[in-house]
1. Conditions: (1) touching a Pro at 6+ places or on another chain (Cβ under 9 Å); (2) open to solvent by less than 30 Å² (accessible area, probe 1.4 Å). Y108 meets all but one. Number of the miss?
2. Can you find, within segment 84-102, the residue that is nearest to A128 (Cα to Cα) among those that are open to solvent by 30 Å² or more (accessible area, probe 1.4 Å) and in contact with a Phe, Trp or Tyr (Cβ under 9 Å, 6 or more places away or on another chain)?
3. Identify, by number, the condition in (1) surrounded by fewer than 11 Cβ atoms within 10 Å (Cβ to Cβ); (2) in a helix (DSSP H, G or I); (3) at pLDDT 85 or above that V70 doesn't meet.
4. For K129, are the conditions met, namely being modelled with pLDDT of 90 or more, over 14 Å from Y21 (Cβ atoms) and among the basic types (K, R)?
5. Restricting the search to segment 10-39, which residues are under 8 Å from the mean Cα position of the chain (by Cα) and open to solvent by 30 Å² or more (accessible area, probe 1.4 Å)?
6. When the residues of segment 22-41 are narrowed to those that are assigned to a loop (DSSP other than H, G, I, E, B) and out of contact with any Lys or Arg (no Cβ under 7 Å at 6 or more places or on another chain), which ends up modelled with the highest pLDDT?
7. Check P119 against each of (1) within 21 Å of Y21 (Cβ to Cβ); (2) in a loop (DSSP other than H, G, I, E, B); (3) open to solvent by 50 Å² or more (accessible area, probe 1.4 Å); (4) not polar (S, T, N, Q) and name the one condition it does not meet.
8. What are the residues in segment 47-67 that are among the hydrophobic types (A, V, I, L, M, F, W, C), in a loop (DSSP other than H, G, I, E, B) and surrounded by 10 or more Cβ atoms within 10 Å (Cβ to Cβ), if any?
Amino acid sequence: LVNKSCYIILSNNNNVYFLKYLLGILSSTLIGYYVQNIGDKSKQRLFPRITMSTLKNIPIKIDTYIMEKVVNIVDECLYQKKQNIKNDIINKEIKLDILIYHLYGLTYDEVLIVDPQTPITPEEYERAKLE
């Protein structure tokens, strides 16, 4: 049972690959920050939520090179969560965030605005761009 406060995203052509890419982007720290600061109902004290208009306005950038890396990380995370393997998921989520930051062209200083507690150094951030 799904009510009006739950959204389901479907692909027109059953493109699971793109849906995994979308999952990686939507679950990133950057998009969480975006929704929290731009979303019309996200600042509500009692039940913050994402409205359909906020969801529709999330800018989804497409880069086939980064898409492949994002989908690989999402696949690994989904597999590990399904197998209840928790030891490396956090590192994979950090890698995913770094990819998404680079996808959207953030500098390291901008990353610190989005996530002041980021566990990566400026050197690690720049090195990840070259990989």
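The values are calculated or read from the model by the stated rules, or taken from the named source; none is laboratory data. All values derive from a computational prediction rather than experimental measurement. Because the Cβ atoms are built from the backbone with ideal geometry, glycine has one as well, and the counts that use them run over all protein chains shown. In case anyone asks, the SASA skips ligands and DNA or RNA and just uses the protein heavy atoms, side chains included. Shrake-Rupley method; radii C 1.70, N 1.55, O 1.52, S 1.80 Å.
1. (2)
2. Taking segment 84-102 first, the residues open to solvent by 30 Å² or more (accessible area, probe 1.4 Å) are 84-88, 90-91, 93-95, 102.
Still in the list and also in contact with a Phe, Trp or Tyr (Cβ under 9 Å, 6 or more places away or on another chain): 85, 102.
On the way: I85: 25, H102: 9 Å.
Applying the filter and picking the extreme gives H102.
3. For V70, the exception is condition (1).
4. Details: modelled with pLDDT of 90 or more: no; over 14 Å from Y21 (Cβ atoms): yes; among the basic types (K, R): yes.
When the stated conditions are applied, K129 does not pass them.
5. Those that are under 8 Å from the mean Cα position of the chain (by Cα) and open to solvent by 30 Å² or more (accessible area, probe 1.4 Å): L23, L26, S27, T29, G32.
6. As a first pass, look at segment 22-41 and keep what is assigned to a loop (DSSP other than H, G, I, E, B): 27-28, 39-41.
Checking the rest, the ones that are also out of contact with any Lys or Arg (no Cβ under 7 Å at 6 or more places or on another chain) come to 27-28, 39-40.
Working: S27: 91, S28: 94, G39: 74, D40: 70.
Of everything passing the filter in segment 22-41, S28 is modelled with the highest pLDDT.
7. (1)
8. Going residue by residue through segment 47-67, those that are among the hydrophobic types (A, V, I, L, M, F, W, C) are 47, 50, 52, 55, 58, 60, 62, 66-67.
Applying the additional criterion that residues be in a loop (DSSP other than H, G, I, E, B) yields 47, 50, 58, 60, 62.
Residues satisfying the conditions are I50, I58, I60, I62.
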